[in-house]
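Report on the structure given below.
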Amino acid sequence: MTRAGDEPSRSPRIAGHALVEALIAQGVDTVFGVPGESFLAVLDGFHEHRDAIRFITCRQEGGAAFMAEAQGKLSGRPGVCFVTRGPGATNASIGVHTAFQDSTPLVLFVGQVASDQRDREAFQELDYRQFFGPGTLGMAKWAAEVQSADRLPEYVARAFHVALQGRPGPVVLALPEDLLGTPTAAPVLPRVVPAQAWPAPGPLRELRALLVAAQRPFLIAGGSGWDAQAARALQRFAENWQLPVGCGFRFQDCFDNRHPLYAGDVGIGINPKLAQRIQAADLVIALGVRLGEMTTGGYTLLQAPRPAQKLVHVHAGPEELGRVYAADLLLQASVGNAARALESLAAPPQLAWREWSAAAAADLAANRVPQAVEPLDMAQVMLTLQRLVPEDTVYTNGAGNYSGWLHRYVQYPGLQHHGRTQLAPTAGAMGYGVPAAVAAALLYPQRTVVNLAGDGDFLMTGQELATATGHGAGRGAGKLVCLVVDNGSYGTIRMHQERGFPGRVSGSELFNPDFAALARAYGWHAGFVDRTAQFEPALREALAQPGPSLLHLKLASEVSTSRTTLGAIRAAALRRA
Ligand SMILES: Cc1ncc(C[n+]2csc(CCOP(=O)(O)OP(=O)(O)O)c2C)c(N)n1
């Protein structure tokens with residue numbers, strides 16, 4: 001929509017405006033970014049169309065790219081981020097890498113030097129095709145530089161197709177500065193509907209035969225591309241066949257964690273009983289999930305490259321099928337189409353593994369019983385948290401041992417109920433949780449959003465608290481709460497040090513600010529908690545605020561993970577030495 005008013009209007013239409021119109025045609029109503037003089041014509045397009053689309057100004061491009069990544073996860077459509085050339089693009093690269101490893105659709109637009117300055121190493125010049133790939137393993141699926149103003153809609157449409165089709169992921173489009181100011185009459189193209197592969201009947205019959213012959217099957221679900229219908233179909237498939245279901249690392253919301261067939265999360269800090277069960281399975285069906293290092297316990301739950309179990313891998317990306325494992329059956333299909341096809345597979349009246357599935361559920365229940373920890377018990381904190389916040393709360397985190405409490409004790413509802421409720425980086429990118437929470441709060445103001453961050457993790461992107469305040473995040477019906485777990489160290493690294501170099505602390509200690517005072521300086525409500533009993537009243541007070549809140553949780557530095565202490569890790573390492 002073009003706004004008429006007392007401002008000078010631009011005529012003729014320039015490519016920077018055409019780009020914003022192309023985004024609106026794709027259904028984008030919010031983009032995240034940090035401005036640069038390289039894309040002023042696009043910023044002017046956002047001004048022109050401000051009734052239809054908003055530009056959320058962030059404080060660092062890493063934060064902006066994480067916000068767009070979270071947008072991609074939550075909406076299932078590409079998140080959109082705008083950054084300037086060289087320094088802006090390199091800052092944003094963490095979000096591109098995270099989107100790649102999480103298979104999240106994302107389009108990063110980067111201002112580029114003017115065409116007549118290319119290849120001179122002009123100011124902040126970078127070759128984005130070299131920097132982002134796709135030859136660079138694990139960055140962009142496609143990186144391109146728009147070649148003409150009239151072809152801009154073609155590039156945008158292709159970017160959306162590439163981001164969404166097959167294994168979803170990030171795309172980078174560089175925008176030469178001169179091109180953005182060039183007039184163009186190119187029409188916008190329609191909203192992209194991704195092409196999706198269906199599983200063929202023959203392999204489905206084979207899959208059914210493998211299931212019928214199994215004694216101890218196990219299903220691991222995960223990856224991107226899930227929607228409510230797919231999650232419902234997965235649940236019915238699991239119910240029809242009474243299959244125990246684990247969720248791949250940080251895809252914990254694709255199966256309802258409260259369901260009797262849920263067996264736990266298959267990731268870092270896995271329940272040892274669950275790891276044993278997967279190793280003892282005679283058939284593993286991996287649905288939608290990559291068989292990456294975290295989901296395979298470092299390629300030990302399934303021995304690489306030839307697992308002891310029979311393996312069926314279903315994935316939308318042909319490049320994932322057979323990447324590591326010599327599977328017994330490979331199906332290339334989108335997760336939605338695959339789940340619907342699996343749901344229609346008729347199960348025999350007698351199933352050999354009912355006790356096996358019940359035992360998996362019992363192991364999970366036992367794993368959720370906390371051991372008492374003094375003076376601040378993070379397990380109780382998680383249980384209290386989930387009791388007090390609404391069921392559709394979105395939980396976010398970055399990387400660090402602290403996230404283990406979230407994954408172990410919070411029960412994510414299946415995404416058929418409230419869409420995605422877990423925003424967490426498979427790539428283990430520290431600093432993800434705060435921007436992801438800010439994005440979720442801005443995109444869904446009626447939803448409560450809780451970020452759990454480590455003290456190391458939090459300060460990587462903590463400046464985005466200002467973005468939240470500036471754009472009114474957490475001021476709607478939903479609350480925005482950040483919980484900072486302060487153990488005075490990069491605790492995960494300290495843990496690894498104690499395992500490999502016991503007692504020799506090096507480079508892992510932290511000086512911390514007063515997190516509550518810092519949050520107040522950003523206009524947030526803040527509180528401090530160092531005992532379990534203080535948490536419930538502090539959280540109630542936070543949830544009663546009209547705006548966002550931060551609670552500084554001071555943890556004893558001796559507490560290392562949800563299962564053990566530094567002292568115990570050190571003692572075990574010394575015994576081994
Ligand atoms: C951006 C980034 N830098 C470094 C690392 C390596 N790393 C993984 S966990 C971790 C420490 C996390 O510390 P903190 O957030 O305090 O959580 P804790 O482990 O103490 O619970 C580090 C440095 C990483 N994963 N991501």
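Here is a yes/no grid of residues against (1) open to solvent by less than 10 Å² (accessible area, probe 1.4 Å); (2) part of a helix (DSSP H, G or I):
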residue: Arg167; (1), (2): no, no
residue: Ala174; (1), (2): yes, no
residue: Gly202; (1), (2): no, yes
residue: Ala209; (1), (2): no, yes
residue: Gln229; (1), (2): no, yes
residue: Arg236; (1), (2): no, yes
residue: Leu243; (1), (2): yes, no
Considering only segment 512-529, state which residues are open to solvent by 50 Å² or more (accessible area, probe 1.4 Å) and in contact with a strand residue (DSSP E or B) (Cβ under 9 Å, 6 or more places away or on another chain).
-> Asp514, Leu518, Arg520, Tyr522, Phe528
Report whether or not Asp392 is more than 16 Å from the ligand (Cβ to nearest atom) and either under 16 Å from Ala65 (Cβ atoms) or in contact (Cβ under 8 Å) with a residue 12 or more places away in the chain (or both).
-> yes
Say whether the condition of being in a helix (DSSP H, G or I) and touching a strand residue (DSSP E or B) at 6+ places or on another chain (Cβ under 6 Å) is met by at least one residue in segment 364-372.
-> yes
Which of the residues that make up segment 531-554 are assigned to a loop (DSSP other than H, G, I, E, B) and open to solvent by 10 Å² or more (accessible area, probe 1.4 Å)?
-> Arg531, Ala544, Gln545, Pro546
Is it fair to say Ala577 is under 21 Å from Gly476 (Cα atoms) and either under 27 Å from the mean Cα position of the chain (by Cα) or open to solvent by 40 Å² or more (accessible area, probe 1.4 Å) (or both)?
-> no
Of all residues in segment 422-431, how many are more than 9 Å from the ligand (Cβ to nearest atom) and touching a helix residue (DSSP H, G or I) at 6+ places or on another chain (Cβ under 6 Å)?
-> 2
In segment 456-480, how many are of a type in the set (S, T, N, Q) and open to solvent by 30 Å² or more (accessible area, probe 1.4 Å)?
-> 2
For segment 487-506, enumerate the residues that are under 18 Å from Leu452 (Cα atoms) and open to solvent by less than 30 Å² (accessible area, probe 1.4 Å).
-> Asn487, Gly488, Ser489, Gly491
Name every residue in segment 443-455 that is of a type outside the set (Gly, Ala, Ser) and either open to solvent by 10 Å² or more (accessible area, probe 1.4 Å) or in contact with a Gly (Cβ under 8 Å, 6 or more places away or on another chain) (or both), in order of residue number.
-> Leu443, Tyr444, Pro445, Gln446, Arg447, Thr448, Val449, Asn451, Leu452, Asp455
Which pairs do you get when a residue that is within 18 Å of Ala440 (Cβ to Cβ) and among the β-branched types (Val, Ile, Thr), found in segment 401-425, comes within reach of a residue that is assigned to a strand (DSSP E or B) and more than 11 Å from the ligand (Cβ to nearest atom), reach meaning Cβ atoms under 7 angstrom, with the pair 6+ apart or on two chains?
-> Val410/Tyr395; Thr421/Val394; Thr421/Tyr395
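Condition check ((1) under 30 Å from Leu211 (Cβ atoms); (2) buried (at least 18 other Cβ atoms within 10 Å of the Cβ); (3) away from the ligand (no atom under 16 Å from the Cβ)) across all residues:
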residue	(1), (2), (3)
Ala359	yes, no, yes
Ala366	yes, no, yes
Ala399	no, yes, no
Gln416	yes, yes, yes
Arg420	yes, yes, yes
Gly433	no, yes, no
Of the conditions (1) outside any loop (DSSP other than H, G, I, E, B); (2) open to solvent by 10 Å² or more (accessible area, probe 1.4 Å); (3) modelled with pLDDT of 95 or more; (4) farther than 18 Å from Glu239 by Cα, Ala341 clears all except one; give me its number.
-> (4)
If Thr469 passes every condition in (1) outside any helix (DSSP H, G or I); (2) touching a residue at least 40 places away in the same chain (Cβ under 8 Å); (3) away from the ligand (no atom under 16 Å from the Cβ) but one, which one does it miss?
-> (1)
Options Val485, Val481; residue that is within 16 Å of the ligand (Cβ to nearest atom) and assigned to a strand (DSSP E or B) = Val485
Scope segment 80-100; condition open to solvent by less than 10 Å² (accessible area, probe 1.4 Å), within 15 Å of the ligand (Cβ to nearest atom) and either over 17 Å from Ala427 (Cβ atoms) or in contact with a Pro (Cβ under 9 Å, 6 or more places away or on another chain) (or both); matching residues = Gly95, Val96, Thr98, Ala99
Go through segment 281-314 residue by residue and tally those that are assigned to a loop (DSSP other than H, G, I, E, B), surrounded by fewer than 24 Cβ atoms within 10 Å (Cβ to Cβ), among the hydrophobic types (A, V, I, L, M, F, W, C) and without any contact (Cβ under 8 Å) to a residue 60 or more places away in the chain.
-> 2
Could you tell me whether Glu509 is open to solvent by 60 Å² or more (accessible area, probe 1.4 Å) and within 13 Å of the ligand (Cβ to nearest atom)?
-> yes
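The values are calculated or read from the model by the stated rules, or taken from the named source; none is laboratory data. The shown structure was predicted, so the numbers you read here are calculated from the model rather than taken from an experiment. Backbone-built Cβ (ideal geometry, glycine too); neighbour counts: all protein chains shown. We work out accessible area using only protein heavy atoms, side chains counted, and drop any ligands, DNA or RNA first. Shrake-Rupley method; radii C 1.70, N 1.55, O 1.52, S 1.80 Å.
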